[in-house]
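S.K.: My questions all concern the structure below.
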Amino acid sequence: MKKVRAMHDEHFVIIGNGPAGNQAALTLRQKVPEARITMISAEHERFYRPHLLPDFVAGTIPENEVYAAALEHYRTHRIKLRLGQRVVAVDFSKRNLLLEHKETVRFSGLILAVGGKPRIPEPLLVFRDLLLTFKTFSDARKWIERLHRVDSVLIVGGDLTSLAVTKALLRLGKEVRFVLNEDAFRPVRCKPEVFQEAAHRLSLQGVKVLEGRKLRSVTRINEDLFEVTADRERFRVGLVGAFFGLVPHVRFLARSGLTIERGVLVDETLNTGFEGVYAAGDCAQVYHTHIRDYWVSIGHDNAVSLGRIAALNLLGEKMKAEPKGETILCDDVRVNTSWWRDF
Amino acid sequence: MKTPGPVLAEQVKRIEDSELFSFRSGRLPIWCPGCGYFGIHAGINAALKQLGIPHHKVVVVSGIGCAGRYPFFSNTYGLHTTHGRSLPVATGVKFANPELTVLAVGGDGDGLGIGGGHLPHASRKDINISYVLFDNSIYGLTKGQPSPSSPAGFKTKVSPSGTVERPLNATLMALSYGASFVARLFAGEPRLIGEILAKGIRHPGFSFLHVYTSCVTFDKQYKTWDHLKEWVHPIPEGHNPSDFRAAMDLVLDDDFATGLIYQRGK
Amino acid sequence: MPKLDITVEVCGMAGDGTIAAGGLINEGMSRGGLSVLAFDSYPAEIRGFGRCVTRSRIGHERRTALEEHTHVLISLNDEQSLSRVPFLTEHSAVFFDNQPPTLVPEESSLAAHVEPATALFGMPFTDLAAQAAGSDRGRNLVALGGFAAVFQVPSELFEPAIVKKFKSKGQKVVESNVRCFQAGVAYALERFSERLWDPVSFPPPKEGPEIVMLSGNTAIAEGALDAGLHLYFGYPITPATPIMEYLAKRLPERGGRLMQMEDEIASIGGVLGGFFAGKRSMTATSGPGFALMTELITHGVMSETPAVIINAQRGGPATGLPTKTEQSDLHAAVFGGPGDSARIVIAPTDVPECYHLTIKSFQLAEKYQIPVIVLTDFFLDNRVESVPLPVAEDDARKDMTVYPDPDAKERYRRFKITESGISPRALPGMEGYIFAATGLEHTEKGLPDYTPENHSKMTEKRYRKLRSALEDLPSPVEHTPRGRVDLGVIGWGSNFGSVHEAVNRACERGLKVGALKLTAIYPYHEDAIRDFMSRCDEILIAELNFEGQLANLVGHLHRKEVLRLNRVTGLPMPPSVIYKKILEILGETDS
């Protein structure tokens, strides 16, 4: 039985306000009633469940049900929650971090749970300003606002979120076109059959799937009208959405000394290599001794699990992170999201 | 009191009938017969008569003490205020109606003790009133305590072994406070008082008249009439009242010279 | 559309332009037709450092009280602003400089201390000011611009206010300040476009009298001037000094005269002398100065000489708390000084009343030949309210003196005993009425007299005068639902504002609570107060002093013991404190 360290002047900082970060904070609090715990998030929003955003856009659930915890929760557990404040640098030797407004915060333990942000593949970067992504609450509200004015939408990419959003758009009676990209189901790589099955199912729902096509150009006619060329087809839509999965939100750590590839590289105990510094959730790339390679977690349950493990290990435990094998049901489309081999 | 009753009554009647007291009310003041205040009163009346100022255009503002009772005796408007405060009240009266002739009167306790904080400012502000200080070096109304101008060694019930403090010199104070008209006078010389006060009233600024007088009832040791008659003498002939240094020298050297000591700008 | 009611604070170090920024907010919002009540606090000592906080309560409804909480905090100095954080409401907004010159440790950081629901708006005040104006002096205006943008307040409300405020410093300064403001607006619109607040809803412009931002002290001074004040004698003392400063310029312009005296005793002396000779005279002081004046005030009572004295109450006793508010001079004002020397005491409750009751004080003093004390307090004196420019009543300058009959000359008795108690008064200079006024007890002719019957009669006469004054004194004003109420709350001075707001809140909740405003403290309208009390089960008297001085004065009129709510924090009593007490008394719980 591992002994929990005595903590009184300890300050545990968690960067990120998603499922991983919130679980980490809660776990720390449950184990160490005395310690000071701070959560810092660049977003202004309190803890919400991102996977419910498509339903919110569809209008099937009200806004307040997307949220996962009331502010009372943080007061009760004495977790200092700092919203809308951005960490811009971390100094592991001095054990402090720097916020955008030039404030320094000392920590004795740090958990990086910054999650990911939408990825735009290189060829499409030039159109970035014309594409809408779908990750945050703020994004969802933008979609709702725009959808009041447009009737047709083009979805490019094809990650898991795109499927849920498509469902929402169909519910709203919008005309949906879909440019499915092969590598768009990232981070999941599916077998071609699954891929075709997905396309088939979408068509059945009334979606016009432009299979395998690449997006050539996007031109803005006006605020709510875009002309799109995909391979040789040209058409007009009111809104273009990009769904290419997430990349970990770790640019601010670039000069910190952490090893970063696609995400923050951590060992199987989620430790970054620096004492007292762990990573959890979508931003972490976890080493797995069996495959002798790294895996990336996706999905809510994985994030929660990693958040908990990171917290326990920060306190002296030595738990190994195991990806959760899951099956996500998405309108008869089964996608296996258990551990996989990347690159 | 040693003087027999009928004699006193006779004295009082003579005072009553005397012409000198036209500026008086129907009532007699509470001053004891022989009090120097009668003389000062005669002088003040003479000044007002000389200047031809109507009674109703005069306001006498007094403090507390025997001198404070002055307004009840003088046939002018009067304002008998609280102890030591005649100067600021007189200032208010004068500012409200500059046409009025405003006199502030009070004793040495009233003016140099509790009221001591007002003399510097009435002087330096040159308020256009005339302040007559009735200095008998004693607190008479409260029956004989030493005052700020009593000499060291002054024996009273409150100071049985004699006072130890040195006296204040009111004339010197007024000069050093910057008063623009300073005179020292004697209650035994009412005519001189009248003459100087008339000048003081006409003087467009603060005029200060320091008048030595005797408290016949309670002071048997210092300012008795005999002593005062002996000590008081006129200011030397050649004295130039517009010379401030000369005035200061005069006052530093001589406590009992009477007349116009200083008048600025004359 | 819910009624707007927000409190905006600017907090900084002395020298940050905090007060200027607060003033511009007041001016701008008032221009837009909103009601403003603002109260600033300054560093206690004169030297250049210390915290400055401006607090402005802004909304659609006129307010006469301040709550403790704040909705918007504009921080010009984070270290100073930390102390204000506990007073922020849950959904508040904080503006701060997000590019300070050096790194800030967590414990000194404003952003580290606010609650998560507080919206933070970090702007580089210093950098933007430097870009717009070449120095960091316009930081406060950059912050103001941020506030205007986020709350969607049209720039047309602030820019003319900026021009007006800095006009005297020259065109260059005006332009540079406007640029700083605009830089703040531009930055905020861009950076915070997704987080803008609901726009402040300004009422439609309406015709009517000019609205001005007026402080209690200024209102008193203006009231005195419009009442024909001729002489002012005063001595500097916080918080009354601004009255003297204001009059120093304006009284001579109107043919009057002002003189700073050597002490408060000289000041009241001058006032009595001035009024004795027939001119309206006034002095203003605070507790310690008032104490010095009491002997002469009783002289005014005895000699039946008018006087007007403003007592701007502050924390006591003795030197007390010069820059804090309190209502602890009631006893002194009514009874201070030797003997049965009760005199007229009135207490305005807001800025317009400061103006009108000052005018009334001259009328009362003159007619009833008695010192009249106007009790104000630090909060009322120093706060500004957006009010219509006050207009004097027609008889403001009217001579209220009761003169003697022309044929009474030879037999004139200055202190003649009459039914009303008022004896016709001659003024020095009037031929045929010569008299002396004295502080000794006196006969009808004014000569000193200590006989038993005389003293009884004269004392009775002087008190009869006070009773006669009741008809000229403002009556108590009730704010009560019809019929019986469970609780009646009485307040006086600026604290009535808090009482009124608390009682309104209770009534909105359906509780049966009434409020009574007393502006005539002495003499008080016994019958009216008793009548109010008879319709209330319980009576609560809320005041900013320890014992309950008004309660001591009028509490006996109730059929049972009155309840007291006393606070001596040096700060105004928040309506919520009174509201909680109301609930407690009625056995209700806070919902």
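Matching residues to (1) assigned to a loop (DSSP other than H, G, I, E, B); (2) out of contact with any helix residue (DSSP H, G or I) (no Cβ under 7 Å at 6 or more places or on another chain); (3) not assigned by TED's automatic domain parsing to the domain that holds residue A:93:
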| residue | (1), (2), (3) |
| --- | --- |
| A:227 | no, yes, yes |
| A:240 | no, no, yes |
| A:268 | yes, yes, no |
| A:273 | yes, yes, no |
| A:278 | no, no, no |
| A:282 | no, no, no |
| A:285 | no, yes, no |
| A:294 | no, yes, no |
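S.K.: I need a count of the residues in segment C:407-442 that are within 14 Å of chain B (Cβ to nearest Cβ) and either over 27 Å from residue B:66 (Cα atoms) or not basic (Lys, Arg) (or both).
M.R.: 22
S.K.: Right, here's the next one. Which condition from (1) more than 14 Å from chain C (Cβ to nearest Cβ); (2) touching a residue at least 60 places away in the same chain (Cβ under 8 Å); (3) under 24 Å from residue A:248 (Cβ atoms); (4) not charged (D, E, K, R) is the one that residue A:126 breaks?
M.R.: (2)
S.K.: Another one. How many of the residues making up segment A:226-251 are under 23 Å from the mean Cα position of the chain (by Cα) and surrounded by 19 or more Cβ atoms within 10 Å (Cβ to Cβ)?
M.R.: Residues flagged as under 23 Å from the mean Cα position of the chain (by Cα) and surrounded by 19 or more Cβ atoms within 10 Å (Cβ to Cβ) within segment A:226-251 amount to 11.
Each row is one residue, and each column tells you yes or no for (1) within 11 Å of chain C (Cβ to nearest Cβ); (2) not β-branched (Val, Ile, Thr).
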position: A:62; (1), (2): no, yes
position: A:66; (1), (2): no, no
position: A:72; (1), (2): yes, yes
position: A:75; (1), (2): yes, yes
position: A:78; (1), (2): no, yes
position: A:81; (1), (2): yes, yes
position: A:87; (1), (2): no, no
position: A:92; (1), (2): no, yes
position: A:96; (1), (2): yes, yes
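S.K.: Any chance you could count how many residues in segment C:443-461 are of a type in the set (A, V, I, L, M) and either more than 12 Å from every other protein chain (Cβ to nearest Cβ) or more than 11 Å from residue B:72 (Cα to Cα) (or both)?
M.R.: 1
S.K.: A further question on this structure: Which members of segment B:69-112 meet the condition of being in a strand (DSSP E or B) and either closer than 15 Å to residue B:141 by Cβ or not aromatic (Phe, Trp, Tyr) (or both)?
M.R.: Residues satisfying the conditions are B:78, B:79, B:80, B:101, B:102, B:103, B:104, B:105, B:106, B:107.
S.K.: Evaluate the following for residue C:294: is it more than 29 Å from residue C:385 (Cβ to Cβ) and buried (at least 24 other Cβ atoms within 10 Å of the Cβ)?
M.R.: No.
S.K.: Which ones in segment B:69-86 are at the interface with chain C (Cβ under 7 Å from one of its Cβ atoms) and either out of contact with any strand residue (DSSP E or B) (no Cβ under 7 Å at 6 or more places or on another chain) or not aromatic (Phe, Trp, Tyr) (or both)?
M.R.: Across segment B:69-86, the qualifying residues are B:71, B:75, B:76, B:78, B:79, B:80, B:81, B:82, B:85.
Yes or no, residue by residue, for (1) under 20 Å from residue B:152 (Cα atoms); (2) of a type outside the set (Lys, Arg); (3) touching an Asp or Glu at 6+ places or on another chain (Cβ under 9 Å); (4) modelled with pLDDT under 95:
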site	(1), (2), (3), (4)
B:177	no, yes, no, no
B:180	no, yes, yes, no
B:190	no, yes, no, yes
B:193	no, yes, no, no
B:203	no, yes, no, no
B:208	no, yes, no, no
B:224	yes, yes, no, yes
B:229	no, no, no, yes
B:265	no, yes, no, yes
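S.K.: List, please: which pairs have Cβ atoms under 8 Å, are six or more places apart or on different chains, and start with a residue in segment A:285-300 that is within 11 Å of residue A:263 (Cα to Cα) and in contact (Cβ under 8 Å) with a residue 40 or more places away in the chain and end with one that is β-branched (Val, Ile, Thr) and crowded, with 21+ Cβ neighbours inside 10 Å?
M.R.: Listed pairs, sorted by first residue: A:294/A:286; A:295/A:286; A:296/A:286.
S.K.: Is it fair to say residue C:128 is more than 13 Å from chain A (Cβ to nearest Cβ) and in contact with a Gly (Cβ under 7 Å, 6 or more places away or on another chain)?
M.R.: yes
S.K.: Taking segment C:382-406 only, how many residues are away from every other protein chain (no Cβ under 14 Å), free of Cβ contacts under 8 Å to residues at least 40 places away in the same chain and surrounded by 13 or more Cβ atoms within 10 Å (Cβ to Cβ)?
M.R.: So the count comes out to 5.
S.K.: While we're on this one: Which of (1) charged (D, E, K, R); (2) surrounded by fewer than 19 Cβ atoms within 10 Å (Cβ to Cβ); (3) within 11 Å of another protein chain (Cβ to nearest Cβ) is the odd one out, the single condition residue A:34 does not satisfy?
M.R.: Going through (1) charged (D, E, K, R); (2) surrounded by fewer than 19 Cβ atoms within 10 Å (Cβ to Cβ); (3) within 11 Å of another protein chain (Cβ to nearest Cβ) one by one, residue A:34 breaks only (3).
S.K.: For residues that are facing another protein chain (nearest Cβ under 9 Å) and within 19 Å of residue C:268 (Cα to Cα), tally how many sit in segment B:87-121.
M.R.: Count: 16.
S.K.: Mind checking which helices (runs of 4 or more DSSP H) fall wholly inside segment B:185-266 and carry at least 2 residues that are touching a strand residue (DSSP E or B) at 6+ places or on another chain (Cβ under 7 Å)?
M.R.: Result: B:190-202, B:244-253.
S.K.: Just the residues that are closer than 19 Å to residue C:423 by Cα and more than 7 Å from chain B (Cβ to nearest Cβ), please, taken from segment C:251-279.
M.R.: C:275
S.K.: Here's something else I'd like to know. Go over the candidates C:393, C:431 one by one and state the one that is farther than 26 Å from residue C:474 by Cβ and of a type in the set (Asp, Glu).
M.R.: C:431
S.K.: Is it the case that segment C:382-391 has a residue that's more than 26 Å from the chain's Cα centre (by Cα) and assigned to a loop (DSSP other than H, G, I, E, B)?
M.R.: No, the conditions are met nowhere in segment C:382-391.
S.K.: May I pose another question? From the list C:301, C:308, exactly one residue is within 14 Å of chain B (Cβ to nearest Cβ), within 21 Å of residue C:350 (Cβ to Cβ) and either of a type outside the set (Asp, Glu) or surrounded by fewer than 22 Cβ atoms within 10 Å (Cβ to Cβ) (or both). Which is it?
M.R.: Of C:301, C:308, the one residue that is within 14 Å of chain B (Cβ to nearest Cβ), within 21 Å of residue C:350 (Cβ to Cβ) and either of a type outside the set (Asp, Glu) or surrounded by fewer than 22 Cβ atoms within 10 Å (Cβ to Cβ) (or both) is C:308.
S.K.: Which of the strands (runs of 3 or more DSSP E) contained wholly in segment C:461-547 include at least 3 residues that are hydrophobic (A, V, I, L, M, F, W, C) and over 20 Å from the mean Cα position of the chain (by Cα)?
M.R.: By residue number, C:485-492, C:536-543.
S.K.: Tally time: how many residues in segment B:65-81 are over 21 Å from residue B:185 (Cα atoms), surrounded by 24 or more Cβ atoms within 10 Å (Cβ to Cβ) and either modelled with pLDDT of 95 or more or polar (S, T, N, Q) (or both)?
M.R.: 6
S.K.: Only one of C:321, C:292 is at negative phi and without any contact (Cβ under 8 Å) to a residue 60 or more places away in the chain. Can you tell me which?
M.R.: Sole residue among the options that is at negative phi and without any contact (Cβ under 8 Å) to a residue 60 or more places away in the chain: C:292.
S.K.: Based on what the data block shows, is residue C:240 over 18 Å from the mean Cα position of the chain (by Cα) and either surrounded by fewer than 16 Cβ atoms within 10 Å (Cβ to Cβ) or closer than 25 Å to residue B:88 by Cα (or both)?
M.R.: No, not satisfied.
S.K.: Then there is this: Given the criterion closer than 18 Å to residue B:106 by Cα and within 16 Å of the chain's Cα centre (by Cα), identify the matching residue among B:172, B:228.
M.R.: Sole residue among the options that is closer than 18 Å to residue B:106 by Cα and within 16 Å of the chain's Cα centre (by Cα): B:172.
The values are calculated or read from the model by the stated rules, or taken from the named source; none is laboratory data. Not measured: the values here are computed from a predicted model. Here Cβ is always computed from backbone atoms with ideal geometry, including for glycine, and neighbour counts include all displayed protein chains.
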